[in-house]
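Working notes, structure below.
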Amino acid sequence: MAKVMFKRPAALTDKQFHYCPGCTHGIIHRLVAEVIDEMGIRDHTVGVCPVGCSVFAYDYFNMDMFQAAHGRAPAVATGIKRTLPDRMVFTYQGDGDLASIGTAEIVHAAARGEKITTVFVNNAVYGMTGGQMAPTTLPGQKTTTTPKGREKEAAGLPVKISEMLSTLDGAVYVARVSVHDPKHITQAKKAIRKAFEVQQAGLGFSLVEVLSTCPTNWGLSPKESLKWLADNMLPYYPLGVYKEPAEVK
Amino acid sequence: MATVSFREDRCKGCELCITVCPEKIIVLADHINAMGFHPAAVVEMDKCKGCAMCARMCPDVVIEVVKEEKQA
Amino acid sequence: MSKVLMKGNEAIGEGAIRAGCRHFFGYPITPQSELPHYLAKRMPEVGGVFLQAESETSSINMVYGAAGTGFRVLTSSSSPGLSLMQEGISYLAGAELPCVIVNVMRGGPGLGSIAPAQSDYFQAVKGGGHGDYKLIVLAPASVQEIIDLMQVAFDLGDKYRTPVMLVGDGILGQMMEPVELADEVTLPEITAKPWAAGGLKGRETPNIINSLYIVPEDCEKLNHRLFAKYEAIATEETRWEEYRLADAEIVLTGFGTAARIAKSVVDKARAEGIKAGLIRPITLWPFPSKVYAKAAEQAQRFLCVEMSMGQMIEDVKLAVNGKKPVHFYGRSGGMVPLAKDVLAEVKKIMAGGDE
Ligand SMILES: Cc1ncc(C[n+]2csc(CCOP(=O)(O)OP(=O)(O)O)c2C)c(N)n1
Ligand code: SF4
Ligand code: SF4
Ligand code: SF4
């Protein structure tokens, strides 16, 4: 008997991703779609995509979608959820979107315990606009706006979103995962599933930070990028579940 | 026995599937696809375990994996 | 129907509820705070949602989310808050989402004063955010008119899929007047919104709320579509009030509170033998230009009265198109023109003393 071990999830449209070769945004999209399929919630899920490389995510997710202004996705998601509390609402945001221009929106959505799920893609750089420094750029990391490497004196140190948001009572599930190898991809999917389950159970705000690559702006091959992530990002951004409600443990 | 199929026109030749295949049976083909990339392909399908690591790693959802299971 | 005494700011809230709005997102600011205070109590009574956002930037984006699911939604602020909302308003216009945005204007620029002003006219009618767009802008001049125009605002927003702004000022907001209200709150019929993105729920094709058109040709098409719609709005929905205009030699004009003052000056001038009349735009956009053009055929002069350094006067001048002189009397920064000063200005102009 033939068993399908892997096929394209129904929660993705058939549209081809516009991402650069080897960019792990595509993996993260697929994981979100797989979770939506497995939970059987596509029919009543609404997604909000950011400004950043994933701005076209509304073309990829096969469900009702919103495109939000840069950083404002959590506020838009709040508006959606408050009109339709029985829908599943998620935001998909990059690190410039969420951790820089949209810090107020994410912090307060979390503080309110807004019953939404955020998939936060941390690739330590601004992808879409040409590899500038992100709030998550590592100390010493070269970007187009930190040509000598990020210097603490001039540019400060990275924002650790998972650690920060897990201090808020309204944020009930916060986890940091990575997608640099199949084992971590499986773990990442589990975390995304938990985050959606937390929302479904009406427990509060949930966020999964996903460490991701940007081969183009890191100036590395896709393969080297996976290694760079593992060698440089993992030590600075420890993986793990930062907060988890007893109900879904 | 497992069959791995590649949606060749969608492949961006990033080699991530090659990196993770435990059997080291995926290579980039000599020819190029419509986007100008050398697409990935399996050379010795009979060695494939059907583990789907390649598919899970592929950022462009190019790969499908079907495994033949013995009838119970 | 019964008559009740209401404050302008409360009337905005009650008017919204009567118009079927059950969602309010806002951030506190003087001089409109009675409105959120009122709705914080009132919304739960009618099963609605009142949410105090962390900023006006957030409120307007919550409005974007709520409007995109097809619900009638309101936000309100005063001048500095409206400046923060401009990004979101541009997105709402681009994504063609109906909603109602209230600006109870105060003195500016900067933090300015908290006293009543009309100096956000340009921001409201010329598109305060980026890109080619217009808002329908309504300017009530009494508490009853606030109630009536809130219904109009929501209806027009839905009819044309466009954000609508209602502008007032601190005087109108604080003023208590009797209003006619139906005894029962009934949900009005709201037309179905097949474009709304509230989940597929059996629908095959996803709905997408979006203002991104990356291909310039497509973006231009959007703008052409928007402007065809704006043309229809201008033809169908322009509103104004005329008062003692037929034989007027001097036409006073202004909106909102300034128009109320100007109207009283018309009577005072008439009592002194000066043939004065009034044009009061109720829609600031679309602007009732034709009414001015027609009045310019017989009137000798125009006097624009504003609570600003002179903003609406530019539209009046465009409408009058050089046919007759357009004079200006304004106070700004939160100062309000006094009827006696406006009357003195009328007399001076009619005596030819301001050439
Ligand atoms: C108000 C505003 N400011 C700036 C921009 C330009 N901009 C677009 S995307 C982006 C950064 C995106 O980076 P990130 O969120 O990390 O996403 P990535 O592209 O890396 O996935 C910026 C600054 C914008 N679109 N809007
Ligand atoms: S620029 Fe970076 S983040 Fe954007 S698609 Fe390319 S690799 Fe991915
Ligand atoms: S299924 Fe496993 S063994 Fe087969 S090609 Fe893919 S990674 Fe290699
Ligand atoms: S991972 Fe996917 S896109 Fe990359 S080479 Fe393999 S099949 Fe092609």
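The values are calculated or read from the model by the stated rules, or taken from the named source; none is laboratory data. Everything numeric here is computed off the predicted structure, so don't read it as measured data. Neighbour counts are summed over all protein chains in view; Cβ atoms, including those assigned to glycine, are modelled from backbone coordinates with ideal geometry. Protein only, heavy atoms only, side chains kept; ligands, DNA and RNA dropped before computing areas. Shrake-Rupley method; radii C 1.70, N 1.55, O 1.52, S 1.80 Å.
For segment C:241-351, what are Rg and Dmax over the alpha carbons, in angstrom?
12.3, 35
If you rank C:TRP240, C:TRP285 by how much accessible surface each has, with a 1.4 Å probe, what is the order from largest down?
C:TRP240, C:TRP285
Would you mind classifying segment B:2-67 by shape? Square roots of the alpha carbon gyration tensor eigenvalues, ordered a ≥ b ≥ c; an a/c under 1.5 is rounded, otherwise it is prolate if a/b is larger than b/c and oblate if not.
prolate
Just give the residues from segment A:208-229 buried by at least 20 square angstrom of accessible area in the all-chains context relative to the isolated chain, probe 1.4 Å, and say none if nothing qualifies.
A:PRO222, A:LYS223, A:LEU226
Can you pull out the GluC sites (Glu not before Pro) in segment C:231-275 whose DSSP state is coil and whose Cβ has at most 14 other Cβ atoms within 10 Å?
Loop-located and lightly packed - C:GLU249, C:GLU272.
Near the amide H of C:LEU303, under 5 Å away, which other amide H atoms are found, from residues 5 or more places off or on another chain, if H is placed in the peptide plane?
So C:LEU303 has HN proximity to C:VAL251, C:LEU252, C:THR253, C:HIS327.
Once you sort the root eigenvalues of the Cα gyration tensor of segment C:105-199 as a ≥ b ≥ c, which label holds: rounded (a/c under 1.5), prolate (a/b larger than b/c) or oblate (the other case)?
Note, shape of segment C:105-199 comes out oblate.
Past 26 Å, Cα to Cα, is the threshold; run C:LYS134/C:LYS290; C:LYS229/C:LYS324; A:LYS7/B:LYS24 against it and keep the listed order.
C:LYS229/C:LYS324
So between C:THR205 and C:LEU338, what do we pick up on full extension, going 0.36 nm a residue minus the alpha carbon distance?
Difference between extended and current length: 42.0 nm.
Please give every one of the aspartates and glutamates within straight-line cross-link reach of B:LYS67, meaning a C-alpha to C-alpha distance under 18 Å, and leave out same-chain neighbours fewer than 8 residues apart.
Candidates past the 8-residue exclusion: B:GLU23, B:GLU44, B:ASP46.
Tell me which residues come under 5 Å, amide H to amide H, from A:SER178 once H is placed; ignore anything under 5 positions away on its chain.
Placed amide hydrogens put A:ALA188, A:LEU211 under 5 Å from A:SER178.
Can you give me the % of accessible surface on chain C that is carbon or sulfur? Probe 1.4 Å, all protein chains present, nothing else counted.
54 percent
Distance in nm between label sites at C:VAL4 and A:THR186, each 7 Å beyond Cα in the beta-carbon direction?
6.3 nm
What are the ³J(HN,Hα) couplings of segment C:242-254, residue after residue, when phi is run through the Karplus curve with 6.51, -1.76, 1.60 and θ = phi - 60°? Round to Hz, x for glycine and proline.
Per residue, the Karplus-derived 3J(HN,Hα) values read 10, 9, 6, 8, 3, 10, 5, 8, 10, 9, 7, 8, x Hz.
Across the residues of C:196-205, average count of Cβ atoms on other protein chains within 10 Å?
Averaged over the peptide's residues, the number is 5.
Assign one of three labels to the protein assembly as shown, namely rounded, prolate or oblate, based on the Cα gyration tensor with a ≥ b ≥ c the square roots of its eigenvalues; rounded applies when a/c is under 1.5, prolate when it is not and a/b is larger than b/c, and oblate otherwise.
prolate
Go ahead and estimate [θ] at 222 nm for the protein assembly as shown from helices alone: -39,500 (n - 2.57) per DSSP H run with n ≥ 4, summed, over the residue count, rounded to 500.
Calculated at 222 nm, the ellipticity per residue is -10000 deg cm²/dmol.
Counting heavy atoms of the protein chains only and a 1.4 Å probe, report the per residue accessible area for segment C:2-237 as a whole number of Å².
Per-residue accessible area for segment C:2-237 comes out at 37 Å².
Determine which residues of segment B:51-68 fall in the zone a paramagnetic label at A:HIS18 would reach in this model, i.e. backbone nitrogen under 17 Å from the point 7 Å along Cα→Cβ.
Under 17 Å, as judged by backbone N against the label point of A:HIS18, lie B:60 of segment B:51-68.
Solvent-accessible area per residue for segment A:25-248 at a 1.4 Å probe radius, Å²?
Ligands and nucleic acids excluded, the figure is 31 Å² per residue.
5 Å is the cut-off here: which amide hydrogens, built 1.01 Å from N in the peptide plane, fall below it relative to C:ASP169, excluding neighbours closer than 5 in sequence?
Those lying under 5 Å, H to H, from C:ASP169 are C:MET105.
State which entries of A:LYS3/A:LYS190; C:LYS126/C:LYS323; C:LYS7/C:LYS159 exceed 26 angstrom in Cα-Cα distance in the structure shown.
As for pairs spanning more than 26 Å Cα to Cα, those are C:LYS7/C:LYS159.
Over all residues in A:80-90, what is the mean tally of Cβ atoms on other chains that come within 10 Å of each residue's Cβ?
6
Determine ³J(HN,Hα), in whole Hz, for all residues of segment A:208-223 in sequence, where each value follows from phi through the Karplus function 6.51 cos²θ - 1.76 cosθ + 1.60 and θ = phi - 60°; x replaces Gly and Pro.
The phi angles translate into 10, 8, 10, 6, 9, 9, 9, x, 4, 8, 7, x, 10, 6, x, 5 Hz.
Using a probe of 1.4 angstrom, how much of the accessible area of segment A:25-248 is carbon and sulfur, in percent?
54 percent
Once phi is turned into ³J(HN,Hα) by the Karplus curve 6.51 cos²θ - 1.76 cosθ + 1.60 with θ = phi - 60°, what whole-Hz value does each residue of segment C:3-8 show in order, with x for glycine and proline?
Karplus-based 3J(HN,Hα) across segment C:3-8 equals 8, 10, 8, 9, 7, x Hz.
Can you tell me what share of the DSSP beta bridges in the protein assembly as shown is antiparallel? A percent to the nearest 5 is fine.
35 percent
Might you tell me the accessible area per residue for segment B:2-67, computed with a 1.4 Å probe and given in Å²?
The answer is 45 Å² per residue.
Which lysines, on any chain, are close to A:LYS148 with Cα under 23 Å apart, when same-chain ones fewer than 8 places away are left out?
A:LYS160, A:LYS227
For A:LYS249, which aspartates and glutamates qualify as cross-link partners when the Cα separation must be under 16 Å and same-chain residues fewer than eight apart are set aside?
Result set, ordered by chain and number: A:GLU197.
Checking an interface number: how much accessible area is buried between C and A, summed over both chains, with a 1.4 Å probe, in Å² rounded to 100?
That pair hides around 2700 Å² of surface in total.
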